[in-house]
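What follows is one structure encoded as structure tokens, with my remarks underneath.
The values are calculated or read from the model by the stated rules, or taken from the named source; none is laboratory data. Note that the coordinates shown come from a computational prediction; the quantities given were computed from them, not determined experimentally. Positions of Cβ are backbone-derived with ideal geometry, glycine not excepted, and every protein chain shown enters the neighbour counts.
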Amino acid sequence: MVDVRQSRPPSVNLLALPESSAAVLYGLFEVLSTFAESWSWLMDGETVAAGFDVRIVGRQSGQITCYGGTPVIPHATLSQVDDADIVIVTDLAVDPRSDHRQRWSDIGPWLKRMHEGGAMLCSVCSGSVLLAGAGLLDGQPATTHWGYVDHFRCYFPSVALQPERILLPAGADGRIVTTGGMAAWEDLALYLIARFHGDAAAVKAAKLYLFGDRSEGQMLYAARRLPRRIEDKAVAAAQAWIAGNYTEPDCLQRMAAVSGLSPRTFTRRFRSATGLAPLNYLQTLRVEEAKHLLETTAEPVNRVVESVGYDDAASFRRLFRRQTGVTPSRYRQRFRQIGCRPR
């Protein structure tokens, strides 16, 4: 496993070819390039260390017209890239009934050189055909789009194909990663964020982009932002106190006492400063902390409920469902699947 702590942003090289899907190419480029900045914008300056140095690489310099007619201008050519942390081959529009073993014979040696230098090699969907043609999947477990299963069995019988898998790391230290269909680029993006920056960063990315099953609505993904910069000093003092004492009994009354204001004045000024009544603020704070515990621990749900200051588990479950649209158990099921867990 790659160390998630990096002294510099991991370098990602996205291979662009005329057969490439520009949608996947640009999707990976934008998510890996801008996730950390986008999260900070959305969450009022909250930082997340999840940067990548991403560039698109082509065979030659100049514009490439990808499959479907989308123009792409690579940042560099293969000959200009001496090393990399990650190389990604996106899905390729190629006939699964034809032999493509020599189609990218000039790219295979470059991929091998990158891999021998320590790079992780990844493919999305039919991009695995290029890796297989370079001999990089020989004797390795791999997955691909279901439409290319027969292609692999015909032309690459030495590959231990597992077509039921969505994402499958293989090779020494898991440095070859293949994925299933075209939309599996989302799974790959989350996997790379988790592998190089930790599961918590990947969960944030899943929430930001609504990656995964959206059939239960988007409130499941929402991260509630609580105001940070409060000019009202009395309210700011109460806010600072509740941040470390939200599990305490009678904390609403104690918040007002910390502010030095009467209960009625405190409620009015707190709502004016934060946009929330004190009770709603406290409930949001507790739900957000419960989400974090559900995402990062295996504590039983009842224990999580107690940890955020509730004695009545049924009452908290109703509150949690009202804010997220799902039960705590369902929430855990969804977000504990994010990250470095191969699927």
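Assorted remarks:
- Verdict on THR90 being in the same structural domain as MET182 (by TED's automatic domain parsing) and over 16 Å from VAL124 (Cα atoms): no
- Cβ separations smaller than 8 Å between residues 6+ apart or across chains give the following pairs from the stretch 284-304 residues that are without any contact (Cβ under 8 Å) to a residue 12 or more places away in the chain to residues that are in a helix (DSSP H, G or I): THR297/VAL304; GLU299/LEU293; GLU299/SER307; ASN302/ALA313.
- One residue stands out in the stretch 174-227 among those that are free of Cβ contacts under 8 Å to residues at least 12 places away in the same chain and over 25 Å from GLN283 (Cα atoms): the one that is surrounded by the fewest Cβ atoms within 10 Å (Cβ to Cβ), namely SER215.
- Flag for ALA142 being assigned by TED's automatic domain parsing to the domain that holds GLY180, of a type in the set (Gly, Ala, Ser) and farther than 12 Å from GLY180 by Cα: no
- Taken over the stretch 18-28, the criterion of being buried (at least 22 other Cβ atoms within 10 Å of the Cβ) and hydrophobic (A, V, I, L, M, F, W, C) is satisfied by VAL24, LEU25, LEU28.
- So SER126, is it of a type in the set (Ser, Thr, Tyr), outside any strand (DSSP E or B) and touching a helix residue (DSSP H, G or I) at 6+ places or on another chain (Cβ under 8 Å): yes
- Candidates ALA257, ALA234, ALA240 - the one that is crowded, with 16+ Cβ neighbours inside 10 Å, aliphatic (A, V, I, L, M) and either assigned by TED's automatic domain parsing to the domain that holds LEU167 or over 30 Å from GLU30 (Cα atoms) (or both): ALA234
- GLY117 falls short on exactly one of the conditions (1) touching an Asp or Glu at 6+ places or on another chain (Cβ under 6 Å); (2) touching a residue at least 60 places away in the same chain (Cβ under 8 Å), and that condition is (2).
- Of everything in the stretch 44-68 that is over 16 Å from the mean Cα position of the chain (by Cα) and among the aliphatic types (A, V, I, L, M), the residue that is farthest from LYS207 (Cα to Cα) is ILE64.
- Of the residues making up the stretch 67-110, those that are among the hydroxyl-bearing types (Ser, Thr, Tyr), surrounded by 14 or more Cβ atoms within 10 Å (Cβ to Cβ) and more than 20 Å from LEU32 (Cα to Cα) number 2.
- LEU131 vs. criteria in a helix (DSSP H, G or I), of a type outside the set (S, T, N, Q), in contact (Cβ under 8 Å) with a residue 40 or more places away in the chain and buried (at least 24 other Cβ atoms within 10 Å of the Cβ): yes
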